[in-house]
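A.B. asks: Pasting a structure here, questions to come.
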Amino acid sequence: MLKAKLGRIQLKTPLVLASGILGTNAQIMKRCIDNGAGAVTLKSIGPIERNGHNNPTVLAFDSGLINAVGLPTPGYLNMDEEWEEINRIIKEPIIASVYGSSVEEYCRIIKYISKFNPSIIELNVSCPNKKAGMAFGKNAELVSELIREVKKCTKLPIMPKLTPNCDNISEIAKACEKAGADMIAAINTAGPGMIIDIETRKPLLKYKTGGISGPAIKPIAIRCVYEIYESVKIPILGIGGISNGRDAIEMLMAGASAVGIGSAVYYDNIEVFNKINREIEEWLKNNKIKSIKDIIGAAR
Ligand SMILES: Cc1cc2nc3c(=O)[nH]c(=O)nc-3n(C[C@H](O)[C@H](O)[C@H](O)COP(=O)(O)O)c2cc1C
């Protein structure tokens, strides 16, 4: 009943761990799969080792999280052992997320990591905490050029991850499809936002501003996925503020073929996947719906 498909990729459940939430550790990725994730996305991998921004980098507020982790990465050349362990213990689909600051950088990383054969390569063109990559996600021409070049570097499916912080997400999505993207992930964090501590009268994040995620951005994510679904034929991984079965169903009805889970892991831990799966299943049964695919895009 919970089986789903993202393009040609079969998923045992529609839930996908979103990038950056639990790093890249093979054991932790496997725990997500064992607890009901249909696929896992690794933390975005960049060109060289980087620590990211100084603490504090992640804070909770009433209706979500604000983060400025700043894309810490071991660098693509320092992950061979992790990849081998991932491929040894995980049989479900792995999504590798990649960021760079130029087309050449994306291509170099993608060529290298393709040998580890992840199921999908996600292009992070949408991180608000680092200038690198962000420009691509806001500009249809730049993102088209990136996708066309990246497609020459690998046979693996390419999935750009779009930002809600753009003028017209439909236009960006159409450009991605035309340039050869196999699927689209949406959305990355919204904002940037800021939290000020009124006692110290200072922004709480060391970096001052950060991307917003969690329940606060769900309506933005739903709107983005709905508009993308109206504009393109390629499948969508819908991400943003999903924390229970009803949210996930809403995202599927907006047009997502599978649903990313990010901040909800902070609130409910890795068991959140099983919890959401149970809630989806119960809703499907109560509504006499046999399969996830029967509700994809139902809101259109
Ligand atoms: C602490 C943190 C780190 C993140 N790191 C990444 C990242 O490395 N690459 C990326 O594409 N998205 C990253 N994201 C964005 C998430 O993958 C997701 O798109 C976003 O949080 C919205 O989903 P959510 O509301 O379910 O968290 C990060 C989000 C958080 C909260």
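Nothing in this text is a laboratory measurement; each read-out follows from the coordinates by a stated rule. Not measured: the values here are computed from a predicted model. Because the Cβ atoms are built from the backbone with ideal geometry, glycine has one as well, and the counts that use them run over all protein chains shown.
A.B. asks: Taking only C-alpha pairs under 8 Å that are 6+ residues apart, what is the relative contact order of the range 4-294 in percent?
C.D. replies: 19
A.B. asks: Taking θ as phi - 60°, what are the ³J(HN,Hα) couplings along the range 84-93 by the Karplus curve (6.51, -1.76, 1.60), each to the nearest whole Hz, with x for Gly and Pro?
C.D. replies: My calculation for the range 84-93 gives 4, 5, 4, 5, 6, 9, 10, 9, 7, x Hz in order.
A.B. asks: Would you mind ranking ASP182, ASP62 so that the residue whose beta carbon has the fewest other beta carbons within 10 Å leads the list?
C.D. replies: ASP62, ASP182
A.B. asks: Show the residues, 5+ positions off or on another chain, whose built amide H is closer than 5 Å to the amide H of ILE45.
C.D. replies: Amide H neighbours of ILE45, under 5 Å, 5+ apart: SER97, VAL98, TYR99.
A.B. asks: What nm value, rounded to one decimal, do you get for the distance between ARG148 and ASP80 when each label is placed 7 Å out toward the C-beta?
C.D. replies: The modelled label-to-label distance comes out at 3.5 nm.
A.B. asks: Oh, and also: Measure out, as a whole number of angstrom, how far apart the alpha-carbon centroids of the range 22-56 and the range 170-249 sit.
C.D. replies: 18
A.B. asks: Another question about this same structure. Using amide H atoms built 1.01 Å from N in the peptide plane, name the residues 5+ places from ILE184, or on other chains, whose amide H lies under 5 Å from its own.
C.D. replies: Those qualifying (amide H under 5 Å, at least 5 residues apart or on another chain) are ILE236, LEU237.
A.B. asks: Just grab the label-to-label distance for SER63 and ALA299, each label 7 Å out from Cα along the Cβ direction, in nm (one decimal).
C.D. replies: Each label point is offset 7 Å from its Cα along the Cβ direction, giving 1.5 nm.
A.B. asks: Something else now. Check GLY260: other-chain or 5+ apart residues with amide H under 5 Å from its amide H, H built from backbone geometry?
C.D. replies: So GLY260 has HN proximity to VAL16, GLY238, ILE239, GLY240.
A.B. asks: Can you tell me the FRET efficiency between ASN51 and ASN117 if r is taken as the Cβ-Cβ distance and R0 is 25 Å, rounded to the nearest 0.05?
C.D. replies: Efficiency, from the Cβ-Cβ distance: 0.30.
A.B. asks: A follow-up question, please. Return the calculated 222 nm mean residue ellipticity for the chain, to the nearest 500 deg cm²/dmol, obtained by summing -39500 (n - 2.57) across DSSP H runs with n ≥ 4 and dividing by the residue count.
C.D. replies: One gets -10000 deg cm²/dmol as the mean residue ellipticity at 222 nm.
A.B. asks: Another question, then. Once phi is turned into ³J(HN,Hα) by the Karplus curve 6.51 cos²θ - 1.76 cosθ + 1.60 with θ = phi - 60°, what whole-Hz value does each residue of the range 244-251 show in order, with x for glycine and proline?
C.D. replies: So the Karplus estimates, Gly and Pro as x, are 8, x, 5, 4, 4, 5, 4, 5 Hz.
A.B. asks: May I ask you to evaluate 6.51 cos²θ - 1.76 cosθ + 1.60, the Karplus curve with θ = phi - 60°, for each residue of the range 7-13 and list the ³J(HN,Hα) values in order in whole Hz, giving x for glycine and proline?
C.D. replies: My calculation for the range 7-13 gives x, 8, 7, 7, 10, 6, 9 Hz in order.
A.B. asks: Here is a further query. Would you calculate the separation in nanometres between label points at TRP283 and ASP167, each defined as 7 Å from the Cα along the Cα-to-beta-carbon direction?
C.D. replies: Output for this residue pair reads 3.5 nm.
A.B. asks: Kirkwood hydrodynamic radius (Cα pairs, Å) of the chain?
C.D. replies: Evaluated on the chain, it is 18.9 Å.
A.B. asks: Oh, and also: Counting only DSSP beta bridges with both residues in the chain, tell me the antiparallel percent, nearest 5.
C.D. replies: 40
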